[in-house]
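Taken together, the values in this text are just the output of simple stated rules run on the coordinates, not laboratory data. Note that the structure is a prediction, hence the values are computed from the model and not measured. With ideal geometry, Cβ positions are generated from the backbone for all residues, glycine too; neighbour counts draw on all protein chains shown.
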Amino acid sequence: MTMTGFDRRVKGRLVARLERPIARLIGLFDRLSGRHRAWKAVFTRLTTGDGRGLKIAVVRLDSIGDVLLSEPAIRALRRRFPAAELHLVADPAGAALLEGHPALDRIWVVKVPWHRAWRGERLNWLRSAVELLRGVCRLRKEGFDAAVELRGDPRDILFMWLLGPKLRVGSDARGGGSWLHVSLGPDQPVHRVEFAQAVVGLIGARPVGGGPQIPLRPEEVAFGRDLVAGRVGRPRVAFHLGAGFATKRLPVPKFAAAARGLHQLYPEMVIYLVGGPEEAGLAARFMEAYDGPVINLVGRLSLRQTAALLREMDLFIGNDSAPMHFAAAAGVPVVTFFGPSEPAKYHPYGTEYRLLEIDLPCRPCDHVHCRHIENYCLSLIPVRRIVQAAAELLGKPARVGQRTGRAP
């Protein structure tokens, strides 16, 4: 059984049994290499100075949306340490999203097999291990003074340790806290934007205001405008039918039924379908079930082009996914659906939103594979609630109560 087949409690027990012996091995290696003393000197320099002469690595190896939610913490680090050299270590997609970020001196691309397997990729594990080893060797040559891991994942903490930084900073959100020099401690029921900023706060970086930002270039912003230029019809509503895994997806027929209901309220509405090439089948099913005006851009845009397009939308409707966070970062109102995910940690941040969910004893569960015959937490969401939530945000008041809010 893979780790994706374990529930959170089983994973937690497994990590707990391994953590102490691994901590002893790490401690022994640190003593032999002299790092058991070096980290305190780096910590003192960070907490009392501007970072001059120090090289800091930010480690964020998981999903695209999670990388974006860490962006304010990166800005906080830059503001606190204007003279430091700040690097990001991320998955290829996360690296592409923050390409050209003014707070970063360099972005390193690393593919780690555990997160790729969790997303359902089929891997050649031997080849992946060799590729990972090469990446670690390249990064070790950088001689990082400090590294900050923002997910709180024991696998990512071990990866950070392999990079050889003198100071290791992070959290014990999922275990592995004893492998760090400075730890935030156990997980906290706060949004991941705030959690990441709390982690970097351990070395003196104060929180920055506002939500995540995507550093689009002027020509990318112009690309988004050009995509909608000359197209008649308002409101413009972006639909994203996919998500990182199937248990986070609202059924396509519900999307189509909600589109039909909205079209009755807004006869001039134009829907823009966004998503990756792997979601082409979902888009085809939607097009079969909905005959209103649709611009199908699924599989035709890069991540950054998608972010540029979403800036031009009047509303976003979609699952808990990276495009949802792109829309929120652009200040676009969001209607989103949460099943296995935890709303308090991952709700749209920085925009007005409606979060639709069903109160079931089994959720939130964060499961890749639902243990029921279908994922009731999403399939039971009524279409009328989706239509009414969208109408509220577009200017037509609704009567049905939903979880609502404007994120800080």
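Brief remarks on what is shown
- Antiparallel DSSP beta bridges within the chain, percent to nearest 5: 10 percent
- Residue ranges 136-142, 82-88, 330-336 sort as 330-336, 82-88, 136-142 when ordered by packing (mean number of other C-beta atoms within 10 Å per residue, highest first).
- Peptides 301-309, 355-363, 116-124 ordered by packing proxy, namely the average of other Cβ atoms within 10 Å per residue, highest first: 301-309, 355-363, 116-124.
- Residues in region 72-107 reached by a label modelled at Arg116 [backbone nitrogen below 18 Å; 7 Å Cα→Cβ]: 89-97
- Packing around the peptides 256-266, 282-292, 63-73, 219-229, taken as the average count of other Cβ atoms within 10 Å per residue, puts them in this order, highest first: 63-73, 256-266, 282-292, 219-229.
- Each of Gln213, Leu262, Val182 was scored by the projection of its Cα onto the charge dipole of region 155-264, and the greatest displacement toward the positive side belongs to Leu262; charges sit on the C-beta of Lys, Arg, Asp and Glu.
- Positive-end extreme of charge dipole, the chain - chosen from Leu393, Leu378, Ser128 (charges on Cβ): Ser128
- Adding -39500 (n - 2.57) for every DSSP H run of four residues or longer, then dividing by how many residues the chain holds, sets the calculated 222 nm ellipticity at -12500 deg cm²/dmol.
- Segment Leu380-Lys141, length gained on full extension (0.36 nm per residue, minus Cα span): 80.8 nm
- Straightening the chain between Arg37 and Arg300 buys 89.5 nm, computed as 0.36 nm per residue apart minus the Cα-Cα spacing.
- Computed extension length for Glu278-Ala83: 66.0 nm, one decimal, from 0.36 nm per residue of separation with the Cα-Cα distance subtracted.
- Separation of the alpha carbons by more than 31 angstrom is noted, of Lys111/Lys248; Lys141/Lys345; Lys55/Lys248; Lys40/Lys248, for Lys141/Lys345; Lys55/Lys248; Lys40/Lys248.
- Scaled radius of gyration (Cα, divided by 2.2 N^0.38 Å) that region 3-201 gives: 0.98
- Net dipole in debye of the chain [+1 Lys, Arg Cβ; -1 Asp, Glu Cβ; about Cα centre; nearest 20]: 1100 debye
- Local electrostatic count, Leu180, Cβ distance below 9 Å [Lys/Arg +1, Asp/Glu -1]: -1
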